[in-house]
C-alpha cells in the first residue's frame, strides 16, 4: 500500500508539472480529485489494510490528498487571474468615477434656516405628520365651514374624516402651547400635504418651518424685527422686502412678507406672476381664541407666529425657476448643490 501511495504521489507531481492550460487543470481534477478519482480509490482500499498499519498509511494518504488539492487550488487561482488580465477591454469606454453624496438642496436650505432661528434663541420641536381635525383646524380657530376643511384642499385618511395628513405644521404649535407654560420660543420644521395642483410654484407635498413666540407684552414690532433679521441673514443685507396685510384664522392682525423676485429683479415674470415680488412668509399675532383654547390667558400673554415654505425659499436661494426640479431626481440639477 505504501508503494502505491509513493507511486501515485510521483504520478501527481508529474501531472502537475505538465499542466499548461485551464483545460489541463480540469482534466487533472477529473483524474485525481473527484469522488471516483485515483486518490479516493486508495482511500477505499484502506479498509483492507491490517489494523496495525492503518495509522501510518492513513497519514500518508491524507498528506497525498492535501498536496494534490493545494496544487490544484494554486493553479486554479493563477489561471483565473490570467483570464482576467488577458480579457478583452474596450479602451474607448469612459472610466468609472466615484461620486460623493451630498444633502438635497431643500435640506441644505432647511438646515440654514434652522441655524438662523436657533442663533436667535428658538428651540426646535417636531410633531406627527398624521393629525386630527382638532389640532389641524379647530384649535387654530378655523370656522367649521372653512374651505381648507374641504376635500379639495386636505388629504383625509380612510380611517375617518377626523384623521388627515397635516396641511401645515401649526398643529405642533397647539401641542407645544398645551404642554408648556410661557415663555415659549420655538420653530417647527416638517413635511406638510395639500391637495393642490402641481405647478412651477406649488406642490402637493412640501416642507415648512413655522415659528412661535409667546410671552408677556410681545408686540407686532418684534415680529417685524424678527422677520427682517432673518431675511437679511438669509438673502443678504441688500435684500428688498415688504410687509402687506393678510388673513389667517389663527393670527390677528396677519401679514405676509415679500422679497424682490430673483429672476426678473422686480420687472415681472411668470414666477412672481408679473408682480416683481415673491411671498416667502405668512405671519401675525397669535389670535386670542387660540391662546384661550390652549389654556393661555390672552389678557396676560401675547405672541406671534410665522410660517415659511422651504421650497419657496430654496427657489430664491438656488435660482431654480421651477419648484418641480427639486424632486425630478435629475442629477444635472442636484449635483450643482
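The table below lists the values:
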| quantity | calculated |
| --- | --- |
| Flag if residue 166 is without any contact (Cβ under 8 Å) to a residue 24 or more places away in the chain and within 30 Å of residue 327 (Cα to Cα) | no |
| Enumeration of residues in the stretch 204-222 that are surrounded by 21 or more Cβ atoms within 10 Å (Cβ to Cβ) and closer than 27 Å to residue 149 by Cβ | 207, 208, 209, 210, 211, 212, 214 |
| Residue match in the stretch 11-25 (condition: under 18 Å from residue 1 (Cβ atoms), without any contact (Cβ under 8 Å) to a residue 40 or more places away in the chain and either part of a helix (DSSP H, G or I) or touching a helix residue (DSSP H, G or I) at 6+ places or on another chain (Cβ under 9 Å) (or both)) | yes |
| Enumeration of residues in the stretch 199-218 that are in contact with a helix residue (DSSP H, G or I) (Cβ under 9 Å, 6 or more places away or on another chain) and more than 20 Å from residue 318 (Cα to Cα) | 210, 211, 212, 213, 214 |
| Qualifying residue in the stretch 158-181 (condition: in contact with a strand residue (DSSP E or B) (Cβ under 6 Å, 6 or more places away or on another chain), under 24 Å from residue 294 (Cβ atoms), modelled with pLDDT under 85 and surrounded by fewer than 18 Cβ atoms within 10 Å (Cβ to Cβ)) | yes |
| Sole residue being without any contact (Cβ under 8 Å) to a residue 60 or more places away in the chain and either crowded, with 16+ Cβ neighbours inside 10 Å or within 31 Å of the chain's Cα centre (by Cα) (or both), chosen from 309, 266, 282 | 282 |
| Count - residues of the stretch 129-163 that are assigned to a loop (DSSP other than H, G, I, E, B), closer than 21 Å to residue 207 by Cβ and touching a residue at least 40 places away in the same chain (Cβ under 8 Å) | 4 |
| Close pairs from the stretch 60-83: first free of Cβ contacts under 8 Å to residues at least 60 places away in the same chain, partner exposed (fewer than 13 other Cβ atoms within 10 Å of the Cβ), Cβ under 8 Å, at least 6 apart | 60/2; 79/21 |
| Residue within the stretch 150-157 that is buried (at least 19 other Cβ atoms within 10 Å of the Cβ) and either closer than 24 Å to residue 124 by Cβ or within 30 Å of the chain's Cα centre (by Cα) (or both) present | yes |
| Residues located in the stretch 31-56, provided they are without any contact (Cβ under 8 Å) to a residue 40 or more places away in the chain, over 19 Å from residue 78 (Cα atoms) and assigned to a loop (DSSP other than H, G, I, E, B) | 34, 35, 36, 37, 50 |
| Odd one out for residue 109 among (1) over 21 Å from residue 293 (Cβ atoms); (2) in a loop (DSSP other than H, G, I, E, B) | (2) |
| The lone exception for residue 28 - which of (1) under 21 Å from residue 78 (Cβ atoms); (2) exposed (fewer than 13 other Cβ atoms within 10 Å of the Cβ) it fails | (2) |
| Which listed residue is under 30 Å from residue 327 (Cα atoms) and not assigned by TED's automatic domain parsing to the domain that holds residue 317, from 99, 28 | 99 |
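The values are calculated or read from the model by the stated rules, or taken from the named source; none is laboratory data. Values in this document were obtained by computation on a predicted structure and should not be read as measured data. Note: ideal-geometry Cβ built from the backbone for every residue, glycine included; neighbour counts use all protein chains shown.
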